[in-house]
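I have placed the structure first, in the form of structure tokens, so that the comments after it can refer back to it.
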Amino acid sequence: MAGLYVHIPFCESKCGYCDFHSVVAEDDVVDAYVEALTAEAEYSATVLGPHQVFSSLYVGGGTPSRLSELQLERLFEVLSQRFDLAEHAEITVEMNPKSITLSKAMLLANLGVNRASLGVQAFQDWLLSRLERKHSVRDAWDALAVVREAGIAHCSLDLMFGLPNQTTADWRQTLAMAEASGATHISCYSLVLEEGTPFWQAAEAGHLQLPDSDLEADMFERARSVLVSVGFDHYEISNFAKPGHRSLHNENYWRRVPYLGLGSGAHSFWHNRRWSTTNDLSHYISSTTRDGGSVRDWEHVVSEQEAADETMWLGLRLLDGVSDGLFRQRFGVSLHSVYAREVDELLSRGLVEWRGDRLRLTEIGVSLGNQVFAAFIRT
Ligand code: SF4
């Protein structure tokens, strides 16, 4: 079953490292956006027809918890009226610790949300302020308590490593706090300097003290060993889950299950087409409100070769790997017959291995994942 993604491109302030599609906006702009989004949802549901059932809904951003309770109600009302969600669908909302209140969390729980994704990032106030995050460690603990009290069963934390002046001891403490929080899912991302961001400019000017690549690799290994030792399953390069708590929605991205994205800047993958809606916010609001149909920024028909490449480099992100049997079912040939040169080279370097009918990353391959994925990405 397909996934449904809704993008909320608003934040209370802009973090120095962020190049996501998000802006700081007044309430009337957010109101207009929610109306445009509901128009797009109605239009898209009509185009899809009545028989499409979604196994997951993911509201991401930006900061979805920036929406008011009225706006959240309006959004979920339209989504639930227009789209069929499977009986036990996974329904996730991304939340910023600063903007989630008990009454908002209870409303979301009543609207069917069963998974919270909290952007905690670090458990040191000085690091949060270095990242220009507006929340504190206290806010993160309060948000965790609020989510639990509202009865939202699954809670995922986003954490970051490789941060300016961050030490191994800081990272160890963050991992220990995350584990102690009772979160059922943890995502660990290294800081990426995206061109044009204030962090990128500071690095260019030599004003950013970042851990070197060896220390960053150690931090990643530390996350693996700590989280696995306390019962998390390392199921994707950056993601760890307690048994039964993998992110179905994200796992489906890596398995190339179709998804429909709504909202400005949202990506979709449907019937071998990929497209993105415009991230020009005022264009999105005016055109979508007027015409209903979303305004596409680009659209691409995925060729069979590209589909096979994607199956490899997306599928290998999952530590279960890529099944040769499923590859044959989809493409009519074994994956080795298509990628003999790439696979043999990666095998000889010890970066991948066969486990039954699955080609998967080895321990070394996990650390050098980008080299493995690059073997299947053609420009
Ligand atoms: S809260 Fe998240 S989306 Fe918003 S600016 Fe910060 S990093 Fe970007």
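No value in this document is a laboratory result; all are computed from the given coordinates. As the structure is a computational prediction, the values presented were derived from the model and not from experiment. Cβ sites come from the backbone with ideal geometry, for glycine too, and all protein chains shown count toward neighbours.
Observations on the structure shown:
- Extreme residue, positive dipole direction of the chain, given options V29, F331, C11 (C-beta unit charges): F331
- Eligible aspartates and glutamates near K242 by straight Cα distance, threshold 13 Å, same-chain separation 8 or greater: E179, D233
- Under-5 Å amide H pairs with D297, H placed in peptide plane, nonlocal only: S276, T277, T278
- Volume per residue for the chain equals 146 cubic angstrom (convex hull of Cα atoms).
- Helical mean residue ellipticity (222 nm; -39500 (n - 2.57) per DSSP H run of 4+; nearest 500) of the chain: -13000 deg cm²/dmol
- Residues of type aspartates and glutamates that K134 reaches as a straight line, Cα spacing below 13 Å, ignoring anything fewer than 8 places off in the same chain: E12, D125
- Rg and Dmax of the range 157-236, Cα atoms only, in Å: 13.8, 42
- Each Lys and Arg contributes +1 and each Asp and Glu -1, all at the Cβ; summed about the Cα centre of the chain, the dipole is approximately 680 debye.
- Beta bridges by DSSP in the chain, antiparallel share as percent, to the nearest 5: 40
- Largest first, the three principal axis extents of the alpha carbons in the range 304-374 are 31, 24, 21 Å in whole numbers.
- The range 287-312-the range 166-211 distance, computed between alpha-carbon centres (Å): 32
- The distance separating the Cα centre of the range 252-276 from that of the range 58-101 comes to 18 Å.
- Three-way shape call for the range 234-299 based on the alpha-carbon gyration tensor, with the a/c threshold at 1.5: prolate
- Neighbour cut-off at most 10 other Cβ (10 Å), DSSP loop, trypsin sites (Lys or Arg not before Pro), the range 323-379: R378
- Summing Lys and Arg as +1 and Asp and Glu as -1 over all other residues whose Cβ lies under 13 Å from the Cβ of W200 gives a net charge of -4.
- Total formal charge among the other residues, if their Cβ is under 11 angstrom from that of V146, Lys/Arg +1 and Asp/Glu -1: -1
- Taking the charge dipole of the range 97-226 about its Cα centre, with +1 at Lys and Arg Cβ atoms and -1 at Asp and Glu Cβ atoms, the residue from V147, M177, A202 reaching farthest to the positive side is V147.
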